[in-house]
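The values are calculated or read from the model by the stated rules, or taken from the named source; none is laboratory data. This one's a predicted model, so the numbers in the text were calculated from it and none came from an experiment. Ideal geometry is used to build each Cβ from the backbone, glycine not excepted, and the neighbour counts take in all protein chains shown.
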Protein chains: 2
Amino acid sequence: MATSPHEEETGTNTSLIQARTKVLTLINVFAIAPERQQELVDVLVEATEQTMRHLPGFVSANIHTSHDGQRVVNYAQWRSREDFEAMLQSSEARPHMARAAELAEFDPILCEVAYVDHA
Amino acid sequence: MATSPHEEETGTNTSLIQARTKVLTLINVFAIAPERQQELVDVLVEATEQTMRHLPGFVSANIHTSHDGQRVVNYAQWRSREDFEAMLQSSEARPHMARAAELAEFDPILCEVAYVDHA
């Protein structure tokens, strides 16, 4: 039912990027038609709120919109690669991933944080 | 001179992802041959330490290595789009960007944070 970010979630929530942790980072870049960018954001927010955040090992989802309208990037964090793989296999997650796949091409990058420099 | 992350920088530094801020996020995805992944990380770390962090509006650089060895992602934050554009024009930044471009194809995505959900 989530359609747009709620104040209490986007206003106060903060994700952390730190090097040398065991957190798995998934950087998922979606290519989208600009007129459907918001629709894709809504699908990803709904997936997060209905399903992902309730699965074991969920750390964060951070959904970015490109200025040119042609991309959406989900910078997601999971406690471990095992938790992430279990999510991929879960019957709850699959319909959300299928909906996103109907809307956009995506390129998921599994990675770790090698270096952080903050001013 | 930087060759690898220094303990004092990666051990204690933390970047924050928050929605509804004016921060510009640059998600730069580099495609690289796996045997040169570490070399590219070193180039980006050096660029950050020698130059980027000293430019006005630098907030953070967060360099990620993909598990398959084929990508490096710099999740960078600048105070504003204007600061980022000024960096692109600066004579100090250009040699670093040229070195990275010699090593890898890259796809910079300028974006903002639309939504954050943290467990």
(request) State whether one or more residues within the stretch B:104-117 are closer than 16 Å to B:Glu39 by Cβ, buried (at least 18 other Cβ atoms within 10 Å of the Cβ) and in contact with a Leu (Cβ under 6 Å, 6 or more places away or on another chain). (result) yes
(request) Inspect the stretch A:37-55 for any residue being in contact with a Lys or Arg (Cβ under 6 Å, 6 or more places away or on another chain) and surrounded by 20 or more Cβ atoms within 10 Å (Cβ to Cβ) and give the result as yes or no. (result) yes
(request) Return yes when B:Arg79 is more than 30 Å from A:Arg81 (Cα to Cα), among the basic types (Lys, Arg) and modelled with pLDDT under 95 and no when it is not. (result) no
(request) Could you figure out which of (1) among the small types (Gly, Ala, Ser); (2) surrounded by fewer than 16 Cβ atoms within 10 Å (Cβ to Cβ); (3) in contact with a Phe, Trp or Tyr (Cβ under 8 Å, 6 or more places away or on another chain); (4) over 27 Å from A:Ile32 (Cα atoms) isn't true of B:Ala31? (result) (4)
(request) Quickly run through the stretch B:63-95 and pick out the residues that are surrounded by fewer than 18 Cβ atoms within 10 Å (Cβ to Cβ) and in contact with a helix residue (DSSP H, G or I) (Cβ under 7 Å, 6 or more places away or on another chain). (result) B:Gly69, B:Gln70, B:Ala93
